Protein chains: 2
Amino acid sequence: MITMKDIANATGVSVVTVSNALRGKDNVSPETAQRILETADSMGYRVNAANLAARNLRVRGTRNALPEKPVIGVAIFEFDNMQPAQLAAEISRTASARRCQTLFQQTLTDAENEHSIIDNIANQFCDGLILSSANLPVKDIIRFTKRRPTVLVDDDRPQEQLDTVLSPCEIGSAEAVRYLLDKGHRRIGFVGDGFGVMDDPMRLHSVGGRRMRGCADALSGAGMALTTGQCIDTEWTWEGARSAIHQIGESIRGYDALFCLTDNIALGVIRGLGDLGIRVPDDIAVMGFDGCAIGECFMPGLTTVAVDIPQMASLAVDSVLDRIEGRIGVNEHGRRRIVGHHLEIRESA
Amino acid sequence: MITMKDIANATGVSVVTVSNALRGKDNVSPETAQRILETADSMGYRVNAANLAARNLRVRGTRNALPEKPVIGVAIFEFDNMQPAQLAAEISRTASARRCQTLFQQTLTDAENEHSIIDNIANQFCDGLILSSANLPVKDIIRFTKRRPTVLVDDDRPQEQLDTVLSPCEIGSAEAVRYLLDKGHRRIGFVGDGFGVMDDPMRLHSVGGRRMRGCADALSGAGMALTTGQCIDTEWTWEGARSAIHQIGESIRGYDALFCLTDNIALGVIRGLGDLGIRVPDDIAVMGFDGCAIGECFMPGLTTVAVDIPQMASLAVDSVLDRIEGRIGVNEHGRRRIVGHHLEIRESA
DNA sequence: TTGAAAGCGCTACCAT
DNA sequence: ATGGTAGCGCTTTCAA
């Protein structure tokens, strides 16, 4: 690594002068400055992490510390997945408005990767962390984040330390199902997770489990019961949903409405039905969950449970900031908040 | 700020022991360690940027430096915009495969924000930078990045220093238009930028200008000319495109095909035509540009110029890495590369 | 205009 | 098991 010392040696001046020249201070003679800059260039001097560390060390330590903007790290499941993408965009905007920086990383499916994000980024660059759909065991998250303020988004696993922001899974799904029931649908299919998810302790607190729970609640409120037969299991992608419909084929006509656990799934379902020549909503009504913007552009426009994503973003950002800036004490319990929603009625149901 | 020194004073041990205890080294007695950890907790000790700086300084400086993963900063225009989102996802995956870290930031419309990204993030945490659709003057980019390897994505403004990765705008658009021509379309409309973009020196090198250029080339290759009358100006969003179609209304039937400068626009156009009761492709064929995945899920499936996004990502990542790791010298000129593509023929044209 | 010295917070090394 | 010392690369302060 090239250091200022190297440049100093090469040019025959002191490190101090190199430092001054490089920062464009006016107490260096133009000729000297020129010479130093050129040497730095030709030696390929780079203000790299180590150099920066040294600078920060010195600058932060003294009283004329920079009016430091807090940095919030954000782990997002898939950048090219509509719902996480919208959340990321909104978090970035909110943070910007709060005058703080955000650094995003994409989590892949393997926990190894999530672990590495926390280790390498969160603990190095960030003052706080927003973790969206984490796969890591809660314990590990708490341990790895080393008392660094952390907010979990849509992760309702039992724990008391971390702030949590949740999409309105139960209540939103229930409302959607009641809407379908009110419109007279009686043969409703549920596309996403299987029926079993609600009894599986591992997945009970997952988004899928919570949404299915809402469906079951609404159904039982109407004196009906959720059965395995009504559940269509599929990957949570539109491709997966589309081919799931293809596989079911004509017998999908047994349903008069399909409630899909996410907008992605719903879009794939509509396309799959279209492939079979089944019209939405005339033959089968389709409803989604999330409120992704593109749903409005679809034909038919997607009727969906629209989560208040800006609110989700601001709750997440404000939660971390409250702790970073000490408004909430280090030892105070995590707060659990559920985001608002509304039924976005368009054409598909 | 709480430092190890504070903890040392409070517990009556040395800073060294605090350091050891905090890092879980085994040369501290369990009781002492316990006491130190508790004190650290109650005092709210945080490994913050300054602390980290100090650690890095010490650790990196010595020879047993960590097998440091390079960190690449990526500035993305809008996380919730399909095309940038897919690029971001792909860059993240590629980087992961190359064993390096990526840090993403969202650029907003104002240059102020871009400036701040480069200043605060790139120059602090990153070994290299990928800038997608930058608005900053090229000079500023070069200056702000202070000899830190930087790759521009889809930014073809004249300059020699920075590596550039470009989507196949001219060639892709030309191919698309030839395809429409071959299918017998003679009244083709172009949706996106106005005709003037190709003559405006400010926008000549923009994605819009370059795509329009390709259209004009294909047209003139067939003995036809691009005229103002064939250009439909719209914001580059599906909402904008949809309402642009609404405004034009029935007279849009004067076209038998519409080539849209992006998939976003194309999707909005299809929806807008649908609103008017115009069928795609029967009444009017519609074609897009980008190759966003969701186009396949649309009805009708979007025919589009599919940019090889994985290649775009790997070219970008490898370009920075080449320079970070010194395979390409600091003073070597920027390389300009154009990404591959293919016509993705689906149903809309 | 220039530079010597001190010190930022931490960890490696070696002595106790 | 514990701690003293040195020093990472830089900037600040102050003296020359």
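Values in this text are rule-based calculations from the coordinates and carry no lab data. All figures in this text were calculated on a predicted structure; none of them were measured in a lab. Using ideal geometry, Cβ is built from the backbone for each residue, glycine included, and neighbour counts are taken over all protein chains shown.
Over chain A, what is the percentage of antiparallel beta bridges among all DSSP beta bridges, to the nearest 5?
Approximately 10 percent, going by the DSSP bridge assignments.
Near B:Ala134, within a Cβ-to-Cβ distance under 11 Å, what is the net charge of the other residues, with Lys and Arg +1 and Asp and Glu -1?
With Lys, Arg at +1 and Asp, Glu at -1, the net is -3.
Please compute the Cα-Cα pair-distance distribution of chain A with 20 Å bins starting at 0, giving whole percents from short to long.
27, 43, 21, 10, 1
Cβ under 12 Å from B:Arg210's Cβ, B:Arg210 left aside: what net charge do those residues give with Lys, Arg +1 and Asp, Glu -1?
-2
What translational diffusion coefficient, in µm²/s and rounded to a whole number, does the Stokes-Einstein relation yield for the range A:195-291 at 4 °C and a viscosity of 1.567 mPa s, taking the hydrodynamic radius as the Kirkwood radius over Cα pairs?
94 µm²/s
What FRET efficiency comes out for A:Gln247 versus B:Asp41 if R0 is 56 angstrom and r is the Cβ-Cβ distance? Round to the nearest 0.05.
Rounded to the nearest 0.05, the efficiency is 0.55.
Magnitude of the Cβ-charge dipole of the protein assembly as shown, K/R +1 and D/E -1, about the Cα centre, nearest 20 debye?
Rounded to the nearest 20 debye, it is 2620 debye.
How would you rank B:157-167, A:307-317, A:217-227, highest first, on the average number of other Cβ atoms within 10 Å across their residues?
Sorting B:157-167, A:307-317, A:217-227 by mean packing, highest first, produces A:307-317, B:157-167, A:217-227.
Using Cα pairs closer than 8 Å and at least 6 residues apart in sequence, work out the relative contact order for chain A, in percent.
16 percent
Once you list every other residue whose beta carbon is under 10 Å from the beta carbon of A:Ile284, what net charge do they have if Lys and Arg are +1 and Asp and Glu are -1?
Cβ neighbours under 10 Å give a net charge of 0.
Which cross-chain or sequence-distant (5 or more) residues have an amide H under 5 Å from the amide H of A:Thr102, H modelled 1.01 Å from N in plane?
Excluding prolines and chain starts, which carry no amide H, the hits are A:Ile72.
Ordered by residue, what ³J(HN,Hα) values in Hz, to whole numbers, does the range A:234-247 give under the Karplus form 6.51 cos²θ - 1.76 cosθ + 1.60, where θ = phi - 60° and Gly and Pro are x?
7, 4, 8, 9, 5, 4, x, 5, 4, 6, 4, 5, 4, 5
Suppose you put the label 7 Å out from Cα in the Cβ direction; list, shortest first and in nm with one decimal, how far A:Lys183 is from each other copy's label.
3.2
Quickly estimate the mean residue ellipticity at 222 nm for the protein assembly as shown, helices only: each DSSP H run with n ≥ 4 gives -39500 (n - 2.57), and the total goes over all residues, rounded to 500.
Helix-only estimate at 222 nm: -12500 deg cm²/dmol.
Tell me the distances, shortest first, between A:Ser42 and the same position across the other copies, using label points 7 Å along Cα→Cβ, in nm to one decimal.
6.1
List the aspartates and glutamates whose Cα sits under 18 Å from the Cα of B:Lys183, skipping any in the same chain fewer than 8 residues away.
Straight-line reach from B:Lys183, under 18 Å: B:Glu175, B:Asp217, B:Asp256, B:Asp282, B:Asp283, B:Glu344, B:Glu347.
What fraction of the DSSP beta bridges in the range A:214-349 is antiparallel, stated in percent and rounded to the nearest 5?
Around 35 percent of the beta bridges assigned by DSSP in the range A:214-349 are antiparallel ones.
Return the percentage of antiparallel bridges among DSSP beta bridges fully within the protein assembly as shown, rounded to the nearest 5 %.
Restricted to the protein assembly as shown, the bridges split so that about 10 percent are antiparallel.
Once you order the gyration tensor axes a ≥ b ≥ c over the Cα atoms, which shape class does the protein assembly as shown get: rounded for a/c under 1.5, otherwise prolate or oblate by comparing a/b with b/c?
Cα axes put the protein assembly as shown in the oblate bin.
Taking the label point as lying 7 angstrom from Cα along the Cα-to-Cβ axis, what are the distances from A:Gly12 to the corresponding position in the remaining copies, in ascending order and in nanometres?
Label-point distances to the other copies, shortest first: 5.9 nm.
For labels at B:His342 and A:Thr32 in the simple 7 Å Cα→Cβ model, what's the distance in nm?
6.3 nm
Of the cross-linked pairs A:Lys25/B:Lys139; A:Lys5/B:Lys25; A:Lys25/B:Lys5, which ones have a Cα-Cα span greater than 26 Å in the structure shown?
Correct reply: A:Lys5/B:Lys25; A:Lys25/B:Lys5.
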